[in-house]
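Input: a single structure, listed below in structure tokens.
The values are calculated or read from the model by the stated rules, or taken from the named source; none is laboratory data. Quick caveat, the model's predicted, so the values are computed rather than measured. Note that we place each Cβ from the backbone using ideal geometry, even for glycine, and neighbour counts take in every protein chain shown. When the accessible area is computed, the model is the full protein with side chains, heavy atoms only, and any ligands, DNA or RNA have been set aside. Shrake-Rupley method; radii C 1.70, N 1.55, O 1.52, S 1.80 Å.
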Amino acid sequence: MLDARALTKNLIAVGAVTAGLFTVMTVPAISDEPTADPTPSAAVSTPAPTTEVEPSAEPEPTAEPTPTPAPTTSAPKPSPTPTATASKAARAASAPAPGEPLLVFGDSTSAWFSDQPGSPSQGWWSKVAAKADMRAVLSAESGSGMWARGNKCGGTRFDQRLSEIARIKPAKIIVATGRNDYHRCRGGQGQGYVTSPRAQVELAISNYMTKLDKARKAEGIPANEVYVTTPWGTDGRSVHSWMWKAQKREAEKRGFTYVTVRFLDDLFTLDKTHPNALGNTKLAEDFLRVSKIAG
């Protein structure tokens, strides 16, 4: 049996051990605090900053630009419409007729008439172009020729209009002339004409054909696609008898196609010189048959 003194000793020892145990238990608790520190760490990385990134809400300023695009988008809408309309109108105004261009150099037997299909005034050259499925472009002046200036001597000769070849760039060319080349201008406009010697006229025809040949070569037009013809009524047949031969000779020398058409009898003319509606049809038929321009 332990006495009271011994029991008291034992209790003190146990208390000491217990006190030490508590001390040991307390220390670990303190040393664990760094591990508990993650909580503040977690607090640092808390969504607070992430939530603070109410930059998510900041999309609202970004969203606000949406109204800005609206005016920008609606603004262009009016402009395309006029632009499109204008370009369509421009295209319609300048749109070429179907087919390749057929350039026609002529005098009053061509200049007096139109390019209106079915009209009584439709020219023979227009009928030829229609049959050949081409677009007629007329360069004609009353009174003009390879030697004579048109418009009562106030106009041009055929060679002075050759620049049309480079401008129009035709697939084929018709030269219809001769009726005015037996005379030349006495002076300026309105001063009348004087009859020219045949040799002088033939030289003028040769010079013109040389210039025509050079102009068509520059645009790559085949020589046989240049058609030369000498339309004539019943008036002045004595001149025609040598005029057409000179034109034919000079044309064929350069590889051009000479197209022989018949005289127009009075039934087919307005005044023994210029074709009427029947005459234009007859001239066109003769030209198409002989030239084979329409294939």
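Which condition number does residue 199 fail, the rest of (1) modelled with pLDDT of 90 or more; (2) farther than 18 Å from residue 247 by Cα being met?
(2)
Which pairs turn up if I take residues in segment 157-186 that are over 18 Å from residue 146 (Cβ atoms) and look for partners that are modelled with pLDDT of 95 or more and assigned to a loop (DSSP other than H, G, I, E, B) with beta carbon separation below 6 Å, at least 6 apart in sequence or on another chain?
169/219; 171/100
If residue 206 satisfies every condition in (1) at pLDDT 95 or above; (2) out of contact with any helix residue (DSSP H, G or I) (no Cβ under 8 Å at 6 or more places or on another chain) but one, which is the exception?
Exception for residue 206: condition (2).
Restricting to segment 234-245, and then to whatever is more than 16 Å from residue 145 (Cα to Cα) and in contact with a Lys or Arg (Cβ under 9 Å, 6 or more places away or on another chain), can you tell me which residue is surrounded by the most Cβ atoms within 10 Å (Cβ to Cβ)?
234
State all residues of segment 201-212 that are open to solvent by less than 20 Å² (accessible area, probe 1.4 Å) and either at positive phi or not β-branched (Val, Ile, Thr) (or both); if no residue qualifies, say none.
204, 208, 209, 212
For the condition β-branched (Val, Ile, Thr) and more than 23 Å from residue 127 (Cα to Cα), what is the one hit in 195, 281, 273?
Within the list 195, 281, 273, the selection yields 195.
In this structure, does residue 152 turn out to be among the charged types (D, E, K, R) and surrounded by fewer than 16 Cβ atoms within 10 Å (Cβ to Cβ)?
Here the answer is yes, as residue 152 does meet what is asked.
Among the residues of segment 251-265, what is the count of those that are over 21 Å from residue 202 (Cβ atoms) and either exposed (fewer than 14 other Cβ atoms within 10 Å of the Cβ) or among the aromatic types (Phe, Trp, Tyr) (or both)?
3
Out of all the residues in segment 250-265, is one or more in contact with a helix residue (DSSP H, G or I) (Cβ under 8 Å, 6 or more places away or on another chain), acidic (Asp, Glu) and closer than 16 Å to residue 105 by Cα?
Within segment 250-265, not a single residue is in contact with a helix residue (DSSP H, G or I) (Cβ under 8 Å, 6 or more places away or on another chain), acidic (Asp, Glu) and closer than 16 Å to residue 105 by Cα.
Just to verify a result, which residue in segment 121-137, among those that are open to solvent by 20 Å² or more (accessible area, probe 1.4 Å), part of a helix (DSSP H, G or I) and touching a residue at least 60 places away in the same chain (Cβ under 8 Å), is farthest from residue 262 (Cα to Cα)?
131
Which one of the conditions (1) in a helix (DSSP H, G or I); (2) surrounded by fewer than 13 Cβ atoms within 10 Å (Cβ to Cβ) does residue 248 fail to meet, given that it meets all the rest?
(2)
Would you pick out the residues in segment 78-115 that are modelled with pLDDT of 95 or more and either open to solvent by 50 Å² or more (accessible area, probe 1.4 Å) or among the aliphatic types (A, V, I, L, M) (or both)?
Selection gives 100, 102, 103, 104, 111, 112, 115.
Suppose we filter 186, 198, 167 for residues that are under 17 Å from residue 104 (Cα atoms) and either of a type in the set (D, E, K, R) or open to solvent by 70 Å² or more (accessible area, probe 1.4 Å) (or both); which single one remains?
167
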